[in-house]
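Worksheet for the structure shown next.
The values are calculated or read from the model by the stated rules, or taken from the named source; none is laboratory data. Note that the structure is a prediction, hence the values are computed from the model and not measured. In this analysis, Cβ positions are derived from the backbone assuming ideal geometry, glycine residues included, and neighbour counts consider all displayed protein chains. SASA here: full protein model, heavy atoms, side chains in, ligands and nucleic acids out. Shrake-Rupley method; radii C 1.70, N 1.55, O 1.52, S 1.80 Å.
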Amino acid sequence: MGASGGWYRAIADTLPEHVWACKANGVGWYCNERATEYCGRPSAELLGTGWLSSLHPDDRQYVKLAWKIATA
């Protein structure tokens, strides 16, 4: 079973840390329960680039640029 399969999710959801994963282009495809609890949003809202909405509005443009550079 691949990294997106059931065993990966089962392990990641048991960890006390925030776990999230992105594709090579920086688009999020997974976040564990701890991450969703911390952000106070369901995972569906955090996937893709939805996690940016959890940032302070003054920081979003800077983080978007830094993320774009980091994933280039």
Residue-ordered couplings for the range 45-54, obtained by feeding phi - 60° into the Karplus form 6.51 cos²θ - 1.76 cosθ + 1.60 and rounding to whole Hz (Gly and Pro as x), are 7, 9, 6, x, 10, x, 4, 4, 5, 7
Among (i) 0.99; (ii) 0.94; (iii) 1.06, the entry matching Rg/Rh (Cα atoms, Kirkwood Rh) as calculated here is (i)
Regression test value, accessible area per residue of the chain, probe 1.4 Å, units Å², expected 70 Å²
So ILE11 and ARG41, fully extended at 0.36 nm per residue minus their Cα-Cα distance, gain in nm 8.7 nm
For the chain, the accessible surface attributable to carbon and sulfur atoms (probe 1.4 angstrom, ligands and nucleic acids excluded) amounts in percent to 60 percent
With the 8 Å Cα cutoff and a minimum separation of six or more residues, the chain has a relative contact order in percent of 22 percent
Between the modelled labels at SER54 and LYS23 (7 Å from Cα along Cα→Cβ) the distance in nm is 2.0 nm
Magnitude of the Cβ-charge dipole (Lys and Arg +1, Asp and Glu -1) of the chain about the Cα centre, nearest 20 debye, reported as 280 debye
Which residues qualify? For GLY48, with a placed amide H closer than 5 Å and at least 5 residues away or on another chain, they are GLY28, TRP29
